[in-house]
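J.: Structure incoming, see below.
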Amino acid sequence: MARKLVLWGRRSSCNVQKVIWALEELQLLYVHVELGGEHGGLDDPAYRALNPNGLVPTLQDGELAIWESHAIVRYLAAAYGNDGIWPPDPARRAIVDQWTDWTATTLQPAWIKLFWLVVRTPQTDHDVSSIVAAYAETVAAMLQLDNHLAANAFIAGNRLSYADIVAGVALFRWFTMDIDRPSMPGIEHWYARLQQRPGFRQAVMVSYEELIGRLAY
Ligand SMILES: N[C@@H](CCC(=O)N[C@@H](CS)C(=O)NCC(=O)O)C(=O)O
């Protein structure tokens, strides 16, 4: 009998969105418990026992509880994926991991900082010099990815892998934030391809209205 998958975390979190997209992409059945943000629950002892960081997302697969969105997405791809989303060839998987870790250390810190400064910070508190610096960092990271995508339909070649999931959650917010966007054909074509996937539309293309002007969580 299949084990029971439970995802904990509010769907407005980009880190939770990675997991929803992976679950949908793999067509897995799961229970989703909204937690964190306005839903609260992060300090419940039962939740802390699953995730001592008191953050979302957390995934339970039977007895196994995993936190850190990239670890969760990798696990789902390895446990339930095909050889596109989880390439068995070590060389190809190294490319997937390279961009996955680069997303954690370079792309996401940059775009999240920009999103906090432009969207989450109330307009009256906007700090132009911080916005300009975060914007420059985000554009530099996006251009690096754009350059890579000029020769690749997806991050690791011609099939979607978990690197597309962790990096791709940035796109809806990048393309809807009130900022100038330099032309990036590689990123634009990738975004168009990702929008054809129901899992991307369901997990990522969701309103972030509740986050506008809100620094609370
Ligand atoms: N590195 C962690 C970051 C987790 C994290 O910062 N989660 C945020 C949401 S994106 C959180 O739980 N914030 C508190 C809240 O939502 O109430 C991961 O990728 O899972």
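The values are calculated or read from the model by the stated rules, or taken from the named source; none is laboratory data. Quick caveat, the model's predicted, so the values are computed rather than measured. Heads up, the Cβs are rebuilt from the backbone with ideal geometry, glycines too, and the neighbour counts pull from every protein chain shown. What goes into the accessible areas is simple: the full protein's heavy atoms, side chains included, and nothing from ligands, DNA or RNA. Shrake-Rupley method; radii C 1.70, N 1.55, O 1.52, S 1.80 Å.
J.: Hydropathy at least -0.5 by Kyte-Doolittle, axial extent at least 27 angstrom from the Cα trace: which helices of the chain, defined as entire DSSP H runs, fit?
T.: Once both thresholds are applied, what remains is 128-149.
J.: Counting only DSSP beta bridges with both residues in region 5-80, what percent are antiparallel, rounded to the nearest 5?
T.: Antiparallel: roughly 75 percent of the beta bridges in region 5-80.
J.: OK, next. Nearest 20 debye, what's the magnitude of the dipole of region 5-80 about its Cα centre given +1 on Lys and Arg Cβ and -1 on Asp and Glu Cβ?
T.: I would put it at about 140 debye.
J.: Then there is this: What is the chain's relative contact order, in percent, from Cα pairs under 8 angstrom and six or more apart in sequence?
T.: 25
J.: For region 29-136, give the percent of accessible area contributed by carbon and sulfur heavy atoms, probe 1.4 Å, rounded to a whole number.
T.: 59
J.: Could you order peptides 197-208, 8-19, 170-181 by the average number of other Cβ atoms within 10 Å of their residues, highest first?
T.: With the highest mean Cβ count within 10 Å placed first, the list reads 8-19, 197-208, 170-181.
J.: Give the relative contact order (percent, whole number) for region 5-80; include only Cα pairs under 8 Å separated by 6+ residues.
T.: Answer for region 5-80 is 37 percent.
J.: Something else now. Give the long-range amide H neighbours of residue 159: residues separated by 5 or more places, or on another chain, with amide H under 5 Å away, using H modelled in the peptide plane at 1.01 Å from N.
T.: 154
J.: In the chain, what % of DSSP beta bridges are antiparallel (nearest 5)?
T.: So the antiparallel bridges in the chain amount to around 75 percent.
J.: If you don't mind, another one. For a quick check: with amide H placed at 1.01 Å from N, whose amide H comes under 5 Å from residue 41's, ignoring anything fewer than 5 positions away on the same chain?
T.: Residues meeting the criterion, in which the H sits 1.01 Å from N, are 36.
J.: Right, here's the next one. Quick one: 3J(HN,Hα) in Hz for region 200-212, Karplus 6.51/-1.76/1.60 with θ = phi - 60°, rounded, Gly and Pro as x.
T.: 5, 5, 5, 8, 9, 8, 10, 4, 10, 3, 5, 9, 5
J.: Tell me, what is the per residue accessible area of region 5-80 in Å², probe radius 1.4 Å?
T.: 43
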